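Enquirer: Handing you this structure, nothing more for now.
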Amino acid sequence: MNRGQLSTAQPVHGRRRSTPTRSAASRRLLGAVPFRRLLAAVPFRRLRDPRVVAVLLVAALAAVLLVNHFAPTRSAFSATVTDSTNTAATAPYFTCTAAVAGDAANALFAYDLDETSGTRTAADSSGKGAAGTYQNGMTSTTPNPNACPRDAGGSYALNGSTTAPNFVSTPRSYANPTTFSEEVWFRTTVAGGLLIGFGSNQVMQSGQHDRQVYVNTSGQLVFGAYNGATQVVTSPKAVTDGVWHHVVATMSPTNGMRLYLDGVVVASNTSYKVAENYTGYFRIGYDTISGWPGAPANFAFTGSMRYAAVYSTELTAQQVAAHATAGR
């Protein structure tokens, strides 16, 4: 090859070079600025002339600016994501089953409350073998929406009957739980009724009763303990709006009483740290709440429930929030 000649590479026979797609405007501009033909027409010896080089550089810069101005942008993008039910975030659990299982090591029991209608036994998913008993029948429904929608199964429908109330009781008694967390998902439009609590009797109304979470006559959520006198913490807002709510009540000698609603602490009392010392059963859905502030005449809960559990530890704020998020 002569040094005075410019070499033009040719494509391999039978193959086609792939070239980026250009807009019609950019193709016209490239046609109007035939820079490659201009360069090929300049003798090699003239490229040593500074004036020629300057002219070629100006022409090249003009071509680049024009193409970039009219060619479509390929290096950037925009996107809009719309989702009315979920958020783009990292959650520790995707289901309520997984959330409960994550803390099952410290659970006394965990009832999914998703058995079919007519079932007698509330299975214990904590692995502790503490299956509960559905008292006065079990009716399963699948409301829309359901709590924990990514979990299979229905929900426990409680009738609020004053003569044959629906409730679940534990198979064994527990001696004076001093540190504990009570948890349940619920939905109601009725102001009144016990959600979960601790009583001295397994099936009849209890003579001793405290560590109770209930709905008062104003529709607010109440967590109460007794030790010579009643002490309660109450949610600021009513929960009788017919939507699903997640409640956790914790008590310990260190932090006292805390009431969480939908993953957030809404009431607390750090000075009240000791509940009544007796042996009793945990009850879900019904027991006496006589003598408690705002107690209704009917102690039976009316509505739906899902995933009830009691832990022998005080769940942290992070654990409570993770459980609540798992059910949304």
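The values are calculated or read from the model by the stated rules, or taken from the named source; none is laboratory data. Everything numeric in this text was worked out from a predicted model, so none of it was measured. Here the Cβ is made from the backbone with ideal geometry for all residues, glycine too, and neighbour counts use every protein chain on show. Just the protein is used for accessible areas: all its heavy atoms, side chains included, with ligands, DNA and RNA removed. Shrake-Rupley method; radii C 1.70, N 1.55, O 1.52, S 1.80 Å.
Enquirer: Report the Cα centroid-to-centroid distance between the stretch 96-132 and the stretch 282-328 in angstrom, as an integer.
Expert: Value for the Cα centre distance between the two parts: 15 Å.
Enquirer: Let me ask another. ARG150 to ASN176: extension gain in nm, 0.36 nm per residue of separation minus the Cα-Cα distance?
Expert: Values: separation 26, 0.36 × 26 = 9.36 nm, distance 3.57 nm.
Gain in length upon complete extension: 5.8 nm.
Enquirer: What FRET efficiency, computed as 1/(1 + (r/R0)^6) with R0 = 35 Å and r the Cβ-Cβ distance, is obtained for LYS128 and THR162, rounded to the nearest 0.05?
Expert: Details: r = 33 Å, r/R0 = 0.93.
Using R0 = 35 Å, I get an efficiency of 0.60.
Enquirer: Based on the Cβ-Cβ distance of VAL274 and LYS237, what FRET efficiency does E = 1/(1 + (r/R0)^6) give at R0 = 25 Å, to the nearest 0.05?
Expert: Values: r = 28 Å, r/R0 = 1.14.
Rounded to the nearest 0.05, the efficiency is 0.30.
Enquirer: Okay, moving on. Test of understanding: what is the full-extension gain from ASN136 to THR316, defined as 0.36 nm times their sequence separation minus their Cα-Cα distance?
Expert: Length gained, ASN136 through THR316: 61.3 nm.
Enquirer: Need one word for the stretch 177-304: rounded, prolate or oblate. Basis is the Cα gyration tensor (sqrt eigenvalues a ≥ b ≥ c); a/c below 1.5 gives rounded, then a/b vs b/c decides. Walk me through the numbers before you get to the answer.
Expert: Working: a/c = 1.65, a/b = 1.15, b/c = 1.43.
It is oblate, given that a/c is not under 1.5 and a/b is not larger than b/c.
Enquirer: On a full-extension model of 0.36 nm per residue, what is the gain between ALA297 and ALA91, subtracting their alpha-carbon distance, rounded to one decimal in nm? List each step's numbers first, then the result.
Expert: Details: separation 206, 0.36 × 206 = 74.16 nm, distance 4.09 nm.
So the extension gain works out to 70.1 nm.
Enquirer: For the stretch 189-306, which whole percent of the accessible surface, found with a 1.4 angstrom probe, sits on carbon and sulfur atoms? Each step should come with its number before you reach the end.
Expert: Details: 1990 of 4130 Å².
So the carbon and sulfur contribution to the accessible surface is 48 percent.
Enquirer: Kindly sort SER271, SER140, SER235, SER125 by accessible area of their heavy atoms, largest first, with the probe set to 1.4 Å. Write down the numbers at each step before the final one.
Expert: On the way: SER271 95, SER140 35, SER235 0, SER125 60 Å².
Highest to lowest solvent-accessible surface, that is SER271, SER125, SER140, SER235.
Enquirer: What does the charge add up to near ARG211, with Lys and Arg as +1, Asp and Glu as -1, over the other residues with Cβ less than 9 Å from its Cβ?
Expert: Taking every other residue near ARG211 into account, the sum is -3.
Enquirer: Note down the accessible area of GLU183, probe 1.4 Å, to the nearest 10 Å².
Expert: 10
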